[in-house]
Each structure stands twice: as C-alpha cells, then as structure tokens.
Amino acid sequence: MIVAHLPAGYLIARAWRRRLTPAPSGLAAWGMAGGVIPDIDMFWAICVDHGMVHHHRYVTHWPLFWLLVFGIAAAFLAVRRAGSGWLRLGVFATAVASHLFLDWIGSDIWLLAPFSDRSWQLVQISRASAPWPLNFPLPWVGALDVGIASLGMWVMARDWAVRHRKRNFAINRCTLRSRDPRWQRSPGGSGLISPASGPGIRFRSVPGSDPGRSAE
Ligand SMILES: [Zn+2]
C-alpha cells in the first residue's frame with residue numbers, strides 16, 4: 001500500500017477517540033505518525049542502498065521489532081504510572097500494526113525477521129499489463145489503497161469543518177453576549193458575568209477572539 005497509511009492512522013485514532021471520554025489530546029497525531037513511521041526506511045533504501053534492497057526487509061517493517069519496542073514502552077509506562085500514555089501507545093501501536101497489515105496484503109513481509117529469512121504475502125496479485133502508474137490502481141489492492149485513502153481524507157475534511165463551525169459558533173456567541181447590556185464585564189475586564197447565574201461566573205477567553213472579550 002502507498003497512500004492509505006496516513007489516512008488509516010487517522011481513522012484508527014478517531015475510532016479510539018470516539019470511545020474515550022474525555023479523550024487525551026494529540027491522538028490523531030499519534031495515529032498518523034504510527035501509520036507512516038515504518039516507511040522511514042524508504043530513505044535508507046533509496047539514498048543508501050539505491051533501491052537494491054526491498055525496503056520491507058529493514059527493521060521498521062519487522063513485526064517482532066515493533067513487539068519489542070511496544071514491550072519496552074509498556075514497561076516504561078508501567079514504572080512511570082503514566083495514565084494517558086497508555087492510550088497514546090495503544091493508538092500508535094494499532095496504527096503501526098495497520099501499516100504492517102496493509103503492506104502484508106499485497107507485498108512481502110518478513111514476519112519472523114530477524115530469526116527467519118522467509119517472507120509472506122497475504123494474497124498473490126496478478127499485475128495488470130499496463131505501464132506504471134496505470135498498473136497501480138488496476139489490481140484490487142490498488143483500489144483498496146485508494147479507497148482507504150479517500151475515506152480517510154473525506155472523514156478528516158469533515159472533522160475539520162465541524163471543528164471550524166464550532167469555533168466560529170463560540171466566537172459569534174461571545175461577540176453577541178459582549179454587546180448585550182444584560183451581560184456585565186467582570187471586575188478587571190477578564191470575562192463576562194451571566195445575568196442568570198449572577199456575579200462570580202466568569203467565562204474564559206476564546207483563542208483568536210477579541211482579547212477584550214470572552215466566551216463560555
Ligand atoms: Zn510500509
């Protein structure tokens with residue numbers, strides 16, 4: 001797979017986030033990082049080995065290597081008693097596993113490296129005879145790659161639009177309240193006091209809004 005890894009990492013992080021209340025920050029970044037990090041070996045494969053070695057042979061595509069990494073990370077978190085770290089590790093590990101699985105569908109993966117030099121591929125693909133890049137989307141694995149990428153990008157764009165709408169709504173509500181004479185500015189001008197709640201209720205500032213105004 002080529003283009004599916006980053007969006008797949010985002011979708012995995014999103015699935016975790018929907019089941020967590022409250023969700024720790026930065027899960028999407030951990031998911032996307034885990035989704036692409038095994039492919040950092042491409043730099044070595046291209047710049048050092050000049051494409052002479054299949055990049056799945058490198059350590060970042062070894063499942064056993066990642067098991068070791070996650071085991072060390074889990075031991076570290078257990079010693080440090082880092083609560084939210086487990087969630088980030090879970091998202092990151094799931095995204096790395098998704099990368100290896102997606103690669104494994106249509107390409108060789110050395111599942112038991114470094115203890116075995118044998119590689120496995122989940123399904124054999126009959127390549128189309130058209131020249132690359134037309135060759136790429138024709139087999140169904142290419143279509144799956146593009147399909148996952150399209151779904152991930154669509155969900156990402158929709159999430160961004162929802163966040164943008166919520167932020168604009170909060171800023172507009174803040175602006176309307178600051179113009180309403182029933183809402184009084186708190187002493188020192190650091191917030192607004194609700195007419196219903198009485199004095200003492202302050203509302204924090206919305207980042208990016210007028211610094212002289214504040215919002216709920
Ligand atoms: Zn890969």
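Pairs meeting the criteria (first residue in region 97-126 and without any contact (Cβ under 8 Å) to a residue 24 or more places away in the chain, second residue part of a loop (DSSP other than H, G, I, E, B), beta carbons under 6 Å, at least 6 apart or on different chains) are W104/L122; W120/L111; Q121/D108; I125/P139. Taking H56 as the residue in question, decide whether it is in the same structural domain as G142 (by TED's automatic domain parsing), out of contact with any strand residue (DSSP E or B) (no Cβ under 8 Å at 6 or more places or on another chain) and either surrounded by 15 or more Cβ atoms within 10 Å (Cβ to Cβ) or on the phi > 0 side of the Ramachandran plot (or both). Taking the combined requirement at face value, the residue does not satisfy it. Would you please name the residue that is modelled with the highest pLDDT, looking only at residues in region 38-53 that are surrounded by 14 or more Cβ atoms within 10 Å (Cβ to Cβ) and farther than 17 Å from M1 by Cα? Of everything passing the filter in region 38-53, W44 is modelled with the highest pLDDT.
Here is a yes/no grid of residues against (1) within 12 Å of the ligand (Cβ to nearest atom); (2) in contact with a helix residue (DSSP H, G or I) (Cβ under 7 Å, 6 or more places away or on another chain); (3) part of a helix (DSSP H, G or I):
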site: I2; (1), (2), (3): yes, yes, no
site: P7; (1), (2), (3): no, yes, yes
site: A13; (1), (2), (3): no, yes, yes
site: T21; (1), (2), (3): no, no, no
site: W30; (1), (2), (3): no, yes, yes
site: A45; (1), (2), (3): yes, yes, yes
site: D49; (1), (2), (3): no, no, no
site: V53; (1), (2), (3): no, yes, no
site: H56; (1), (2), (3): yes, yes, yes
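When region 91-120 is filtered for residues that are surrounded by fewer than 17 Cβ atoms within 10 Å (Cβ to Cβ) and more than 16 Å from the ligand (Cβ to nearest atom), the ones remaining, listed by number, are L112, P114, F115, S116, D117, R118.
The values are calculated or read from the model by the stated rules, or taken from the named source; none is laboratory data. What you see is a predicted model; the values in this text were computed from it and never measured. Every residue, glycine among them, receives a Cβ derived from its backbone with ideal geometry; neighbour counts consider all protein chains shown.
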